[in-house]
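Heads up: the structure comes next, in structure tokens.
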Amino acid sequence: MNRLIVLFLFSFLFFGCSEEQNKIPTLVANFKGQQVTGVTVSNEGRVFANFPRWRKGVMYSVLEVDENGSSIPYPSKEWNNWKIGMPMTDSLFIAVQSVVAFDNELYVLDTRNPLFQGVIGAPKIFVFDLTTNELKRTYPLSVGTYHPESYVNDLRVDKKNNKAYFTDSGHAGLIVLDLASGNCKRVLDNHFSTTAEADHLTFGATEWKNTVHSDGIALDLKNDMLYFHSLTGYSLYRIPTNSLINKTNEEIEADVEFVMKTPAPDGMIVDEKGQLYLADLEHDKIMKINLKNHAMSTFVKGNQVKWADTFSIYNKYLYYTNSRINEAGEDVEEIEFSIYKVAL
């Protein structure tokens with residue numbers, strides 16, 4: 001056989017067949033001067049994004065993005081009208097950190113902690129019916145399940161047990177919410193598994209100095225396991241959902257399992273095949289982990305990954321936001337933040 005053909009076949013077999021090679025993301029939307037953190041895609045393919053109130057000048061908290069990348073306030077402009085100094089009501093978004101579409105509902109997590117100056121009132125979860133786009137239910141977190149400095153960061157919905165699970169990145173811990181009764185409880189408060197391991201991340205020659213506790217969260221529905229990770233840390237942990245729901249605090253702490261060392265992530269998600277995707281913030285990557293054997297490989301890398309903040313999966317695509325947190329100071333007017341999608 002021709003030597004060139006042999007070399008080509010060798011290269012194809014050993015390099016070209018890897019699904020982790022040369023993944024090319026597609027731009028979904030850009031937001032100049034508005035820092036996006038969360039993205040979620042509904043069962044019908046509707047794309048929603050949110051913008052935290054980390055500084056003044058946030059125009060909207062929640063937007064729906066169409067197929068052309070244009071966006072409109074969701075569920076209305078009125079819900080997005082709050083500005084620093086205005087009175088708060090239960091029909092206004094104050095400081096939204098995450099949005100999650102699940103079973104034709106949109107969960108909007110409002111930290112009620114604008115400018116990181118402390119929780120005002122109580123963190124709230126607004127649930128909207130995606131058929132009518134009307135508010136369906138509000139869940140205020142109860143006293144004792146959050147702290148004054150809490151920044152309730154992300155959530156996952158567990159349909160099997162009718163629960164929702166949250167990370168608190170401002171004060172280390174997890175929160176479990178019963179979606180039927182509205183009762184909630186705090187677990188793993190200041191536990192080693194939810195506490196940050198470092199006070200900075202490194203980006204080339206630059207240090208991003210911050211201490212961020214339990215942040216990334218992912219639910220493995222097939223195996224009833226919740227995965228979680230501090231943002232300034234390199235250890236992935238998990239715990240059975242049955243333990244979170246039914247056991248005492250002491251038993252829950254005993255059931256926490258260290259999984260493996262990973263890069264420092266923000267966004268995390270488990271697909272239907274049991275693969276965990278998580279960001280590698282310090283190296284502009286998204287990693288893929290086989291949860292059966294803990295094999296880790298690069299899924300996406302390069303300039304189209306700039307602090308992959310939140311993940312969502314729809315129609316065999318992974319959607320992610322670039323929140324560029326390490327690059328963003330007080331003035332973000334000239335910075336473009338984005339949503340991308342990439343084939344799984």
* Mind checking which aspartates and glutamates have their Cα closer than 16 Å to the Cα of Lys301? Skip sequence neighbours fewer than 8 apart in that chain. => Glu19, Glu20, Asp266, Asp280, Glu282, Asp284, Asp309
* **Relative contact order (%) - the chain, alpha-carbon pairs under 8 angstrom, separation at least six** => 15 percent
* Positive end of the charge dipole of segment 249-342 (Lys, Arg +1 and Asp, Glu -1 on Cβ, about the Cα centre): tell me which of Val259, Ala279, His294 has its Cα farthest that way. => His294
* **Label-to-label distance, nm, for residues given as Thr202 and Ala254 (7 Å Cα→Cβ offset)** => 4.0 nm
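Taking the chain on its own, what percent of its Cα-Cα pair distances exceed 35 Å?
19 percent
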* Asked: Which length gain, in nm to one decimal place, applies between Lys222 and Asn290 when the Cα-Cα distance is subtracted from 0.36 nm times their residue separation?
  -> 23.1 nm
* Structure fact -> For segment 226-321, the Debye formula with one identical point scatterer on each Cα and no solvent gives log10 I(q)/I(0) at q = 0.15, 0.16, 0.23 Å⁻¹ as -0.61, -0.68, -1.19
* For n ≥ 4 DSSP H runs only, could you compute -39500 (n - 2.57) per run for the chain, divide by its residues and tell me the 222 nm figure to the nearest 500? => -1500 deg cm²/dmol
* Structure fact -> Taking placed amide H atoms and a strict 5 Å upper bound, the residues 5 or more places from Trp82 or on another chain that come that close are Phe93
* Structure fact -> Rounded to a whole %, the carbon-and-sulfur portion of the accessible area of the chain at a 1.4 Å probe is 51 percent
* **Cross-link pairs Lys77/Lys209; Lys209/Lys261; Lys56/Lys163 - those with Cα-Cα distance over 25 Å** => Lys77/Lys209; Lys56/Lys163
* To do: With a probe of 1.4 Å, find how much accessible area the chain has per residue, and write the answer as a whole number in Å².
  => 45 Å²
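The values are calculated or read from the model by the stated rules, or taken from the named source; none is laboratory data. In this text, all values refer to a predicted model and were calculated from it rather than measured experimentally. Heads up, the Cβs are rebuilt from the backbone with ideal geometry, glycines too, and the neighbour counts pull from every protein chain shown. Just so you know, the surface numbers come from the protein's heavy atoms only, side chains and all, with ligands and any DNA or RNA stripped out. Shrake-Rupley method; radii C 1.70, N 1.55, O 1.52, S 1.80 Å.
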